[in-house]
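The values are calculated or read from the model by the stated rules, or taken from the named source; none is laboratory data. A quick note: this is a predicted structure, and the numbers were derived from the prediction, not measured. With ideal geometry, Cβ positions are generated from the backbone for all residues, glycine too; neighbour counts draw on all protein chains shown. Heads up: the accessible areas ignore ligands, DNA and RNA and are worked out on the full protein's heavy atoms, side chains in. Shrake-Rupley method; radii C 1.70, N 1.55, O 1.52, S 1.80 Å.
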Amino acid sequence: MSIPHLRFAPSPNGRLHLGHAYSAFLNAAIAERLGGRLSLRIEDIDPVRSRPDLIAAIESDLAWLGIAFTGPVRRQSRHLADYAAARDRLAARGLAYPCFCSRGQIRAAAAADPPCDPDGVPHYPGTCRSLSPAEARARIARGEPHTWRLDMARALAEVPAAQAYTAFDPEDGERTVPVDPARWGDAVIARRDVPTSYHLAVVHDDAAQGITHVVRGRDLEAATDLHVLLQRLLGLPSPRYHHHVLILDPAGEKLAKSRGSASLADLRAAGATPEALRTRLREMSGFRKG
Ligand code: GLU
């Protein structure tokens with residue numbers, strides 16, 4: 001078996017907070033326990049929200065925490081052509097289609113009580129799914145802005161019915177988790193401004209980097225259903241997954257800059273040490289590994 005390979009994959013949209021520190025510590029602890037490697041991946045596909053100063057700040061916060069990474073840092077913004085190629089492969093097989101709808105048009109076309117995806121976004125009503133290839137090509141040639149959506153029904157028809165992934169728990173071993181990607185509807189796999197979405201880039205990169213174990217928060221657990229489907233469609237292996245508890249603020253909400261959660265930089269400026277943070281996180285996570 002190959003050496004276990006984990007990754008910590010923050011998006012440089014803001015400073016790191018305690019939730020990131022927990023995830024990074026847990027990744028490092030599990031990598032060590034498995035005798036594996038841990039890589040840093042910067043998920044900077046968003047051309048507006050990703051800022052170079054934030055990437056430098058992330059690297060400095062992680063160094064301060066004492067997290068050791070192996071190998072080069074992967075920056076997703078440097079691999080856009082690879083994601084575009086994966087998108088095009090899906091489109092060429094009729095599994096993805098361009099969607100020219102604005103948010104308003106999607107709202108207007110939606111049924112009265114549309115099904116929602118796990119993030120609470122109503123399923124796409126399917127307006128552009130039936131455009132003829134000639135019309136879609138002409139609209140793209142005219143420069144009309146468009147996303148690319150997975151044709152969920154066709155995608156599901158391409159893969160054997162019962163799909164699952166292996167979840168691992170550092171304390172409790174492994175279990176098989178069935179997936180239900182249909183709950184995402186015709187998900188966006190490539191945005192208007194970049195030829196990928198979070199989902200496509202993460203699936204591509206986990207395979208390209210040979211990631212064997214993904215350790216990330218429970219907020220991404222439902223997305224794994226879609227990731228497994230994309231892996232099957234693209235002929236990529238599935239890593240094992242561990243979705244850890246989320247570090248919540250005193251009001252029980254997810255930490256976020258928008259809610260005024262302290263960043264690691266704030267805590268550091270207030271005199272916190274990495275050791276103190278580690279102890280605090282152990283308490284906040286209920287003394288559990290994940
Ligand atoms: N970039 C994502 C985030 O910051 C994490 C992606 C992942 O671990 O799959 O939430």
*Amide N of the stretch 107-123 lying under 17 Å from the label point, which is placed 7 angstrom from the Cα of ALA182 along Cα→Cβ*: 114-118, 123
*For labels at ARG240 and GLU253 in the simple 7 Å Cα→Cβ model, what's the distance in nm?*
3.7
*Roughly what % of Cα-Cα distances in the stretch 157-239 sit above 18 Å, to the whole percent?*
43
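Which loop trypsin sites (Lys or Arg not before Pro) in the stretch 65-164, with loop taken from DSSP, have no more than 12 other Cβ atoms within 10 angstrom of their Cβ?
Numbers: sites: ARG74, ARG75, ARG78, ARG87, ARG89, ARG93, ARG103, ARG107, ARG129, ARG137, ARG139, ARG142, ARG149, ARG154; in loops: ARG93, ARG142.
Here the trypsin sites (Lys or Arg not before Pro) that fit, given the DSSP loop and packing criteria, are ARG142.
Given the DSSP H assignment, sum -39500 (n - 2.57) over each helix run of at least 4 residues in the chain and divide by its residue total; what's the result at 222 nm in deg cm²/dmol, nearest 500? Walk me through the numbers before you get to the answer.
Details: 10 runs with 107 residues, N = 290.
About -11000 deg cm²/dmol.
What is the percent carbon and sulfur in the accessible area of the chain, measuring with a 1.4 Å probe over the protein chains and ignoring ligands? Intermediate values should be presented prior to the final figure.
Values: 7490 of 14150 Å².
Looking at the chain in its full context, I get 53 percent from C and S.
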*Using only the alpha carbons of the stretch 17-99, determine the length spanned along each of the three principal axes and report them from longest to shortest in whole angstroms.*
45, 32, 23
*Given the convex hull over the Cα atoms of the stretch 1-151, what projected area results after averaging over all orientations, in nm²?*
12.6
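If you take the beta carbon distance between VAL159 and CYS116 as r and set R0 to 35 Å, what does 1/(1 + (r/R0)^6) give as a FRET efficiency, to the nearest 0.05? Before the final figure, lay out each step's value.
Working: r = 23 Å, r/R0 = 0.67.
The value I calculate is 0.90.
What do you get when you divide the Cα radius of gyration of the stretch 183-290 by 2.2 N^0.38 Å, with N the number of residues? Display every interim value, and only then the final one.
Details: Rg = 17.2 Å, N = 108, 2.2 N^0.38 = 13.0 Å.
Normalised Cα radius of gyration, the stretch 183-290: 1.32.
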*Which ³J(HN,Hα) values in Hz, rounded to whole numbers, follow from the phi angles of the stretch 47-63 under the Karplus curve 6.51 cos²θ - 1.76 cosθ + 1.60, where θ = phi - 60° and Gly and Pro get x?*
x, 8, 7, 7, 10, x, 5, 6, 5, 4, 5, 4, 4, 6, 4, 5, 5
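Around GLY143, what is the net charge, scoring Lys/Arg as +1 and Asp/Glu as -1 over all other residues with Cβ under 13 Å from its Cβ?
After counting each charged neighbour, the total is +3.
Write down the accessible area per residue of the stretch 173-261 in Å², having rolled a 1.4 Å probe over the full set of protein chains.
Details: 3560 Å² over 89 residues.
Normalised by residue count, the accessible surface of the stretch 173-261 is 40 Å².
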*Compare the Cα positions of ALA157, LEU233, PRO98 along the charge dipole of the chain (+1 at Cβ of Lys, Arg; -1 at Cβ of Asp, Glu; about the Cα centre) and return the one farthest towards the positive end.*
PRO98
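To check you understand DSSP bridge types, tell me what percent of the beta bridges within the chain (both residues inside) are antiparallel, rounded to 5.
Values: 15 of 27 bridges.
In the chain, approximately 55 percent of DSSP beta bridges are antiparallel ones.
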*Determine the equivalent ellipsoid of the chain by diagonalising the alpha-carbon gyration tensor, then write out the semi-axes as square roots of 5 times the eigenvalues, largest first, rounded to whole Å.*
34, 21, 19
*asked:* Over the chain, with a Gaussian network built from C-alpha contacts below 10 Å, which listed residue (ALA190, ALA182, ALA56) shows the highest mean-square fluctuation?
replied: ALA56
*Selection of trypsin sites (Lys or Arg not before Pro), the stretch 198-290, meeting DSSP coil and at most 12 other Cβ within 10 Å*: ARG288
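What is the dipole size for the stretch 144-210, taken about its Cα centre, with +1 at each Lys and Arg Cβ and -1 at each Asp and Glu Cβ, in debye to the nearest 20? Kindly include the intermediate steps, with their values, before the conclusion.
Details: 6 positive and 12 negative charges, 70 e Å.
With Lys and Arg at +1 and Asp and Glu at -1, about 340 debye.
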